[in-house]
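A.B. asks: First, the structure itself, so that you have it in front of you.
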Amino acid sequence: DTILSIDDVHVSYGKVQALNGVDLDIGTGELISVIGPNGAGKSTLANSISGFLPYDGSITYKGEEIDESDPEDLVERGLIQCTEKRDLFGFMSVEDNLDLGTYVRGDYDERLEFVYDLFPTLEERKDQHAHTMSGGEQQMLAIGRALMSDPELLVLDEPTLGLAPVILDDISEGIDRIQEEGVTILLCEQNVTFAMNHADRINLLENGEVVRQGPPSELRDDD
Ligand code: ADP
Ligand code: ADP
C-alpha cells in the first residue's frame, strides 16, 4: 500500500537544478530515509512533498497529486513536515507552541498526552518560553508540534542537525516510537549513521539525483 509516490520529479531555482529526475515510493508504515551531503536537494524534496514548491513530474500523496492541493489541505489530510528551520515561536511557551500544532488537525488532549509521554522534557518545561530551550529541546518541540497534527506521513528534515549526542539518543528513541505508532516517516538526513539505524530503505541523493537505493544492509556492504 503506497502512501507517497514520487515519479521523475524535477525542481529548479532559476538556473539551479535542485532535483533532477527523482523517483521514490513510500509504503504505508515504512521509514524511508533520503541521505546526501549539503546541497544534494533534501530540503527541496521535503518542501516539494509538503506542497511548498512547484515541481515538474508527479508526486502523489494517498493517490492525489500534491500540486493540486494547497499546503493546508495536505496538513488536513495528514501530511506533516517538521522543517529544518523548526519554525518555533520563541516568545511563546512550549505548550502554546504545541497547541499551534492542532490548528488544522489533531485532537489537543490526546496528542498532548502522546507528545509528553514521548518527550517528558517538554512537559517539565511546558511553561518556559521556547527560546530558552536548548537546541536539542527545541528540536524535540518542533517534532512534538508536528506530532500534535496527528501525522499519517511525517517528513523530518534533518532532525539531528547540530545536536549533542545525549539529545540525539532521545530523538532517536522518539523516532522509533513514532514509527511503532504506525506513522509513515520520510527522514531527510546528512547523518548517515543515524539514517542507517532507523531506515527500512535508504536513498542516496547526490546533485538532485538518487544514485543508490536499498536497505541499509545492502548499502553498508559496498561502502
Ligand atoms: P539539502 O537540503 O540537501 O542541503 P537543498 O534542497 O537545500 O539541499 O538545496 C539543493 C540545491 O538548491 C543547492 O544547490 C542549493 O544551493 C539550491 N537552493 C536551495 N534553495 C534555494 C533557493 N531558495 N534559491 C536558489 N537556490 C536554492
Ligand atoms: P544541547 O545543545 O545538547 O541541546 P545545550 O548545551 O544547549 O544542550 O543546553 C544544555 C542544558 O542547558 C539544557 O538542559 C537546556 O535546557 C539548558 N539551557 C540552555 N539554554 C538555556 C537557557 N537560555 N535558559 C535555560 N536553560 C537553558
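The values are calculated or read from the model by the stated rules, or taken from the named source; none is laboratory data. Bear in mind the structure is a predicted one, so any value in this text is a computation, not a measurement. Cβ placement follows ideal geometry from the backbone for every residue including glycine, while neighbour counts extend to all protein chains displayed.
A.B. asks: I'd like to verify a number: residues in segment 21-54 that are outside any loop (DSSP other than H, G, I, E, B), buried (at least 17 other Cβ atoms within 10 Å of the Cβ) and not basic (Lys, Arg), how many? Break it down stepwise before answering.
C.D. replies: Taking segment 21-54 as the starting set, the residues that turn out to be outside any loop (DSSP other than H, G, I, E, B) are 21-27, 31-35, 42-49.
Pick out the ones that are also buried (at least 17 other Cβ atoms within 10 Å of the Cβ) and you get 22, 24, 26, 31-35, 42-49.
Next cut, not basic (Lys, Arg) only: 22, 24, 26, 31-35, 43-49.
Going through segment 21-54 one residue at a time, the tally reaches 15.
A.B. asks: Can you list residue pairs whose Cβ atoms sit under 6 Å apart, with the first residue in segment 1-20 being more than 24 Å from Gly63 (Cα to Cα) and the second being loosely packed, with under 15 Cβ neighbours inside 10 Å? Count only pairs 6 or more apart in sequence or on different chains.
C.D. replies: As it stands, the answer is none, since no pair meets every condition given.
A.B. asks: What is the residue count in segment 143-164 for residues that are away from ligand 1 (no atom under 16 Å from the Cβ) and either modelled with pLDDT of 95 or more or under 17 Å from Asn97 (Cβ atoms) (or both)? Even if it seems obvious, please write down each step before you answer.
C.D. replies: So the first thing to find is which residues in segment 143-164 are away from ligand 1 (no atom under 16 Å from the Cβ), and the list is 143-154, 163-164.
Filter again for either modelled with pLDDT of 95 or more or under 17 Å from Asn97 (Cβ atoms) (or both), leaving 143-154.
Here the count works out to 12.
A.B. asks: Please indicate, with yes or no, whether at least one residue in segment 190-200 is of a type in the set (Gly, Ala, Ser), closer than 29 Å to Asp1 by Cβ, part of a helix (DSSP H, G or I) and touching a residue at least 60 places away in the same chain (Cβ under 8 Å).
C.D. replies: Yes, the conditions are met somewhere in segment 190-200.
A.B. asks: Here is a list of conditions, (1) under 18 Å from the mean Cα position of the chain (by Cα); (2) of a type in the set (D, E, K, R); (3) within 16 Å of ligand 2 (Cβ to nearest atom), and Lys85 meets all of them except one; can you say which number that is?
C.D. replies: Among (1) under 18 Å from the mean Cα position of the chain (by Cα); (2) of a type in the set (D, E, K, R); (3) within 16 Å of ligand 2 (Cβ to nearest atom), Lys85 violates only (3).
A.B. asks: Only one of these conditions is not met by Glu95: (1) of a type in the set (D, E, K, R); (2) within 20 Å of Ala46 (Cβ to Cβ); (3) surrounded by 14 or more Cβ atoms within 10 Å (Cβ to Cβ); (4) free of Cβ contacts under 8 Å to residues at least 60 places away in the same chain. Which number is it?
C.D. replies: Unmet for Glu95, out of (1) of a type in the set (D, E, K, R); (2) within 20 Å of Ala46 (Cβ to Cβ); (3) surrounded by 14 or more Cβ atoms within 10 Å (Cβ to Cβ); (4) free of Cβ contacts under 8 Å to residues at least 60 places away in the same chain: (2).
A.B. asks: Name the single residue that is farthest from Leu187 (Cα to Cα) among those in segment 55-82 being in contact with a Phe, Trp or Tyr (Cβ under 9 Å, 6 or more places away or on another chain) and part of a loop (DSSP other than H, G, I, E, B).
C.D. replies: The selected residue is Ser69.
A.B. asks: Kindly check whether there is at least one residue in segment 119-141 that is within 16 Å of ligand 2 (Cβ to nearest atom), at positive phi and without any contact (Cβ under 8 Å) to a residue 40 or more places away in the chain. Let's see the steps before the verdict.
C.D. replies: In the first step, residues of segment 119-141 are kept if they are within 16 Å of ligand 2 (Cβ to nearest atom); the result is 119-141.
Checking which are at positive phi leaves us with none.
No: zero hits.
A.B. asks: Sticking with this one: Just need a number here: residues in segment 1-28 that are more than 16 Å from ligand 1 (Cβ to nearest atom) and touching a Phe, Trp or Tyr at 6+ places or on another chain (Cβ under 6 Å).
C.D. replies: So in segment 1-28, the residues more than 16 Å from ligand 1 (Cβ to nearest atom) come out as 1-5, 7-8, 23, 25-28.
Cutting the leftovers down to touching a Phe, Trp or Tyr at 6+ places or on another chain (Cβ under 6 Å) gives us 4.
The total comes to 1.
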